[in-house]
Amino acid sequence: MKMKKYIAPSINEAMKQVRADLGEEAVIISSKVVVKKKFFGLIREKNFEVLAGIDEMEPPTFIIPEQKNFPPIVPAKDEHHNEGNVSELMEEISSLKEILNSLKQESIQSSLPDELKPFVDFLKHQELNNELITDICDELFAHLKTEKEISNQEMVQIAKNVLHKKFFMLPMGGLSYEKKYVCVLGPTGVGKTTTIAKMAARSVLEKKKKIGFITTDTYRIAAIEQLKTYANLLQAPVEVVYNFNDYQVAIEKFAHLDLVFIDTAGRNYKEVKYVNDLKKLISFDDEVESYLVLSLTAKERDNETIIEQFSEFPIEKFIFTKADETNSIGAMYNLMFKYNKGLAYYTTGQEVPEDIEEATLEKILDIFFQGEFK
């Protein structure tokens, strides 16, 4: 067999070379990605290496007796092997895209003029992700092409304009009051019960709604007592449910109310079991408005895991807590951008009902630039 190695920047280009050189009868023996380092290892260039071959021997001729009918010979297909190759290729392509994006971001940010560096350092300190920072840098560069100078106020406004374009299609704002049940989801320790109390208090004091509470948090006695304390202050009934039948009974008892808040158990929802238990307990129908509560003091990757675990639930918007307990709030914007989810509220303390803000796009853009670049 005649074999030859081909190296090309893409798999399609490599296949073109194989066909042009060896013809349509060529056989692909192996393929892989090879990395070549340039400029003292600072730049990594990826190419596809394909080993192909073709049999130069004349195929033997078989004389098949006419009186016998043999079944056609069908070459066996190794479907699992092919699927594996496709999967690996897709991973390689995805990896290439990430590398190219990373190189672009590093290139743009490393070539910043001195007057832009403090502002970009501020964006990084807020932990805004690289993709959003790069988009902002593109617009800052465009401004400097036409103007010799740029002020802090101009940089802030340009950044706001970029972020506004990214988020203006996302839904913002609190309760719609169009659905009777408000289900609040989230892991342990994010402040769900206190957040529910703030939302409920505003519903009573500002909207004059008749409300009630359902809690499924039977794992923590303190959580039930905390909710009952808030309920007594608001003169609202509370039902504790342990199973789906209890939930149905509570729904019937609260038929006369305007609004019912459902406080779910604070569990480690990185474990699939607890997510499945929640599905069995609550009916997420058209009458339920669901919100996912996340803490801004948690690691962004941990919050991503929580969001992905709740991806099968009909989450309306995010609620972010503990904005007052962190020096960087970039994760809030990163998660909204990545998962295409709007924001209902963000909380800034423990006081009920004061320390909660209903989100608007203008407001969340303003709070990002508070401080040094306001």
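The values are calculated or read from the model by the stated rules, or taken from the named source; none is laboratory data. All of these numbers come straight from a predicted model, not from anything done at the bench. Neighbour counts run over all protein chains shown; Cβ positions are idealised from the backbone, glycine included. Protein only, heavy atoms only, side chains kept; ligands, DNA and RNA dropped before computing areas. Shrake-Rupley method; radii C 1.70, N 1.55, O 1.52, S 1.80 Å.
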Legend entry - Every residue from region 326-346 that is under 17 Å from the mean Cα position of the chain (by Cα) and assigned to a loop (DSSP other than H, G, I, E, B): Ile329, Asn340, Lys341
Legend entry - Selection from region 211-246 of residues that are surrounded by fewer than 18 Cβ atoms within 10 Å (Cβ to Cβ), aromatic (Phe, Trp, Tyr) and more than 31 Å from the chain's Cα centre (by Cα): Tyr242
Inset, instruction - Please work out which one of (1) open to solvent by less than 50 Å² (accessible area, probe 1.4 Å); (2) more than 19 Å from Val288 (Cα to Cα); (3) among the charged types (D, E, K, R) is the condition Lys208 fails and give its number. - result: (1)
Legend entry - Counted residues, region 128-155 - those being more than 26 Å from the chain's Cα centre (by Cα) and open to solvent by 10 Å² or more (accessible area, probe 1.4 Å): 14
Inset, instruction - Give just the number: which of (1) surrounded by fewer than 17 Cβ atoms within 10 Å (Cβ to Cβ); (2) of a type in the set (Lys, Arg); (3) within 15 Å of the chain's Cα centre (by Cα) does Lys280 not satisfy? - result: (3)
Legend entry - Subset of region 262-310 that is among the hydroxyl-bearing types (Ser, Thr, Tyr) and more than 12 Å from Gly186 (Cα to Cα) - its residue that is modelled with the lowest pLDDT: Ser283
Inset, instruction - Please go through region 311-325 and pick out each residue that is modelled with pLDDT of 90 or more and part of a loop (DSSP other than H, G, I, E, B). - result: Lys322
Inset, instruction - For region 347-357, state whether one or more residues are open to solvent by less than 10 Å² (accessible area, probe 1.4 Å) and part of a strand (DSSP E or B). - result: yes
Legend entry - region 291-309, subset assigned to a loop (DSSP other than H, G, I, E, B) and of a type outside the set (Gly, Ala, Ser), residue least open to solvent (accessible area, probe 1.4 Å): Leu296
Inset, instruction - Might you check whether a residue that is open to solvent by less than 60 Å² (accessible area, probe 1.4 Å), of a type in the set (Lys, Arg), out of contact with any Lys or Arg (no Cβ under 6 Å at 6 or more places or on another chain) and in a helix (DSSP H, G or I) occurs anywhere in region 156-177? - result: yes
